[in-house]
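Note sheet for the following structure.
Where a number appears in this text, it was derived from the coordinates with a stated rule and is not lab data. As the structure is a computational prediction, the values presented were derived from the model and not from experiment. FYI the Cβ positions are ideal-geometry reconstructions off the backbone, even for glycines, and counts take in every protein chain you see.
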Amino acid sequence: MNPLLDEPLSVALLRTGWAATLSADELEVASRGTFDRIYPAGVVVAPLGEVAEHWIGVICGMVKVDTSLADGKSTTFIGVSTGGWLGEGSLLKRESRPYEVVALKESRIAFMSRPTFEWLYEYSLSFNHFLISQLNARLAQFISMVERSRMHSPTEIIAFGLASLLHPKLSPSPSQTLLISQEELGKLCGLSRQAANKGLHQLMEQGLIDVEYRAILVKDLEGLRSAARVVPGTERSD
DNA sequence: TCATTAAACGCGT
DNA sequence: ACGCGTTTAATGA
């Protein structure tokens, strides 16, 4: 039913941003040092505090990165959807993960072993280019999040969140359809369910998306990006 | 007073 | 069983 779920891993890796520019030899090493698993919705992919031994890739599906508190509450940092990779920071720093990774829906997750990651880090220039570009994009994302949380309206925050899930570098998904509940989208954006719902409908009225049951269809990604950008003098004016 | 939130309820998928 | 729309009650600006 979903071809991405049972496609051979080596083929799936070819569609990732970092694999495209690797040599055949490098790709062979990368492929041999990577395995994959399918996770049902709601299952922990990488627990908080685990010593990072793998780089994590979302072959298909969607995960959230959050910190879970003792009382069951959690704050979500980011969502990573199809085509995105995460955890390079913990690998490079040899630290235990300061966050947990949870599947938001059934997802196929790839794990690249530390030795393989370090080999690519050591020997492949294009892999390093990819890493820098990814870290740069991630940094820009977090800077925008801080800025945004201080001055943007809920609608703009939702627009930003949706655009982030379809970020060409961080989650280069070929699909423009996001299968995510409004509550989870709200969590990803730090908003209540009501606020997420309201924002989605405003964006729908602007013709940027279609809202469907369990799904959001992005019709105009560029429009979403500009909807997420604050124009001086218009902030907080819903 | 007005806006926003979590919790609860009922309906539809 | 889950997601979505709505209501309600509490909270705070």
query: In the stretch A:107-238, what is the volume of the convex hull around the alpha carbon atoms, normalised per residue and reported in Å³?
result: 126 Å³
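At a Förster radius of 25 Å, what calculated FRET efficiency corresponds to the Cβ-Cβ distance of residue A:213 and residue A:192, to the nearest 0.05?
That gives a FRET efficiency of 0.80.
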message: Which of A:132, A:157, A:180 ends up with the largest GNM mean-square fluctuation for chain A, with Cα atoms connected below 10 Å?
response: A:132
statement: By the mean-Cβ-within-10 Å protection proxy, highest first, A:108-118, A:57-67, A:217-227 rank as A:57-67, A:108-118, A:217-227
task: Could you run the Debye sum over the Cα atoms of the stretch A:22-93, one equal point scatterer each and no solvent, and tell me log10 of I(q)/I(0) at q = 0.28 Å⁻¹, two decimals?
output: -1.51
task: Quote the charge dipole size of chain A about the Cα centre in Debye, to the nearest 20; the model charges only the Cβ of Lys and Arg (+1) and of Asp and Glu (-1).
output: 440 debye
Theoretical gain in end-to-end length, residue A:51 to residue A:128 [0.36 nm per residue, Cα-Cα removed]: 25.5 nm
query: Over chain A, what is the mean sequence separation of C-alpha contacts under 8 Å (at least six apart), divided by residue count, expressed as relative contact order in percent?
result: 20 percent
- line: Gyration tensor (Cα only) of chain A to equivalent ellipsoid, semi-axes in Å sorted down, yields 31, 19, 18
query: Hey, could you pull the Cα Rg and Dmax for the stretch A:50-181, both in Å?
result: 15.2, 45
